[in-house]
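The values are calculated or read from the model by the stated rules, or taken from the named source; none is laboratory data. None of these values were measured; they are calculated from a predicted model. Note that we place each Cβ from the backbone using ideal geometry, even for glycine, and neighbour counts take in every protein chain shown.
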Amino acid sequence: MKKIIVLLFIGLFSSAATAEEWAFDVYLDKSKMGQHTFTLTEKDGTTTLTSRAKFNVKVLFVNAYSYDHLAIETWNKNCLSNIESKTTENKIHTTVNGKLDSGHFVVDVSGKPQQTLPQCVSSFAYWNPKIVDQNTLLNPQNGEYLKTHFDNLGTENIMVKGKPTDTTHYRLLTAPGSKIKLNIELWYVGDKVDNKQWVALKSTTPEGYVINYKLI
């Protein structure tokens with residue numbers, strides 16, 4: 001469940017900063033375990049995403065799982081130019097730092113060898129509907145660079161903030177043969193790429209747990 005949960009693991013140009021926010025209550029099966037908020041700001045052509053997540057799972061009033069994550073990403077169009085993240089998962093601390101350097105995106109993860117990735121890298125940027133065109137994604141918590149693919153599951157009417165809403169439904173999976181198995185579903189509102197808005201997420205873990213993001 002750990003590797004899946006961390007992935008659940010966000011603007012218009014003007015001289016002044018503009019901001020957009022996606023705030024979700026996060027549920028494990030039917031129990032609320034915390035919140036995940038994505039704030040996207042744009043100023044002078046620079047796009048910055050701040051992702052904050054805090055989860056706590058209790059079993060019989062005992063803390064069974066805790067997760068505290070902060071990531072700050074800087075984007076140039078659809079490519080990362082910088083990422084800094086700090087995560088505490090069950091008292092284990094991990095930091096990730098990545099930046100463009102000499103035509104590559106270089107990633108340092110605490111306790112691991114440095115990675116040299118292609119120049120244009122995307123994280124799990126669910127807020128950007130163009131993510132569905134990506135076939136590799138960078139995990140902002142632990143620096144894993146994963147081969148992925150998206151399936152378009154068609155249109156679906158779901159509840160968003162208590163209202164029936166027509167959406168486009170996608171499924172995100174890791175490529176066949178990958179050691180990490182993802183099964184993440186995403187829903188977007190809008191009929192064109194430039195105006196699609198992310199409104200929901202569901203992930204089913206290999207252990208059968210269901211994680212739901214519900215827009216606040």
Residue count, the stretch 4-38 (criterion: at pLDDT 80 or above, outside any strand (DSSP E or B) and surrounded by 15 or more Cβ atoms within 10 Å (Cβ to Cβ)): 0
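Considering 199, 210, 193, which residue is touching a Lys or Arg at 6+ places or on another chain (Cβ under 7 Å) and closer than 23 Å to residue 54 by Cβ?
On the way: 199 fails: touching a Lys or Arg at 6+ places or on another chain (Cβ under 7 Å); 193 fails: closer than 23 Å to residue 54 by Cβ.
Only one candidate passes the filter, namely 210.
Considering only the stretch 111-148, state which residues are in a loop (DSSP other than H, G, I, E, B) and polar (S, T, N, Q). Quick ask: steps written out before the conclusion?
Our first condition is that a residue be in a loop (DSSP other than H, G, I, E, B); within the stretch 111-148, this holds for 111-114, 118-122, 124-128, 134-135, 139-144.
Scanning the stretch 111-148 gives 114, 119, 122, 128, 134, 135, 139, 141, 142.
Looking at the structure I just gave you, is residue 109 β-branched (Val, Ile, Thr), surrounded by 13 or more Cβ atoms within 10 Å (Cβ to Cβ) and touching a Gly at 6+ places or on another chain (Cβ under 6 Å)?
Numbers: β-branched (Val, Ile, Thr): yes; surrounded by 13 or more Cβ atoms within 10 Å (Cβ to Cβ): yes; touching a Gly at 6+ places or on another chain (Cβ under 6 Å): yes.
Here the answer is yes, as residue 109 does meet what is asked.
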Residue match in the stretch 105-118 (condition: modelled with pLDDT of 95 or more, among the charged types (D, E, K, R) and closer than 18 Å to residue 144 by Cβ): yes
Cβ-Cβ under 7 Å pairs, at least 6 apart or on other chains, the stretch 145-168 side more than 12 Å from residue 199 (Cα to Cα) and surrounded by 13 or more Cβ atoms within 10 Å (Cβ to Cβ), far side at pLDDT 95 or above and acidic (Asp, Glu): none
Enumeration of residues in the stretch 194-216 that are among the β-branched types (Val, Ile, Thr) and either part of a loop (DSSP other than H, G, I, E, B) or more than 18 Å from the chain's Cα centre (by Cα) (or both): 205, 216
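Taking the stated definitions as given, is residue 1 under 26 Å from residue 205 (Cα atoms) and at pLDDT below 95? Show your work before the answer.
Details: under 26 Å from residue 205 (Cα atoms): yes; at pLDDT below 95: yes.
So residue 1 fits the description; yes.
Do you know which residues across the stretch 39-60 are in a strand (DSSP E or B), more than 18 Å from residue 120 (Cβ to Cβ) and either of a type outside the set (Lys, Arg) or touching a Phe, Trp or Tyr at 6+ places or on another chain (Cβ under 6 Å) (or both)?
Step one: of the stretch 39-60, the residues in a strand (DSSP E or B) are 39-43, 46-59.
Applying the additional criterion that residues be more than 18 Å from residue 120 (Cβ to Cβ) yields 39-43, 50-59.
The answer is 39, 40, 41, 42, 50, 51, 53, 55, 56, 57, 59.
Given the structure, is residue 102 over 29 Å from residue 197 (Cα atoms), modelled with pLDDT under 95 and in contact with a His (Cβ under 9 Å, 6 or more places away or on another chain)? Step through it out loud before you land on a result.
Working: over 29 Å from residue 197 (Cα atoms): yes; modelled with pLDDT under 95: yes; in contact with a His (Cβ under 9 Å, 6 or more places away or on another chain): no.
No; evaluated as a whole, the condition is false for this residue.
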Pick from the stretch 155-188, criterion of a type in the set (A, V, I, L, M, F, W, C) and not in a strand (DSSP E or B), ranking: modelled with the lowest pLDDT: 180
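Of 97, 152, 63, which residue is under 22 Å from residue 32 (Cα atoms) and assigned to a strand (DSSP E or B)?
On the way: 97 fails: under 22 Å from residue 32 (Cα atoms); 152 fails: under 22 Å from residue 32 (Cα atoms).
Answer to the selection: 63.
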Within the stretch 73-94, tally of residues that are surrounded by fewer than 14 Cβ atoms within 10 Å (Cβ to Cβ) and assigned to a loop (DSSP other than H, G, I, E, B): 3
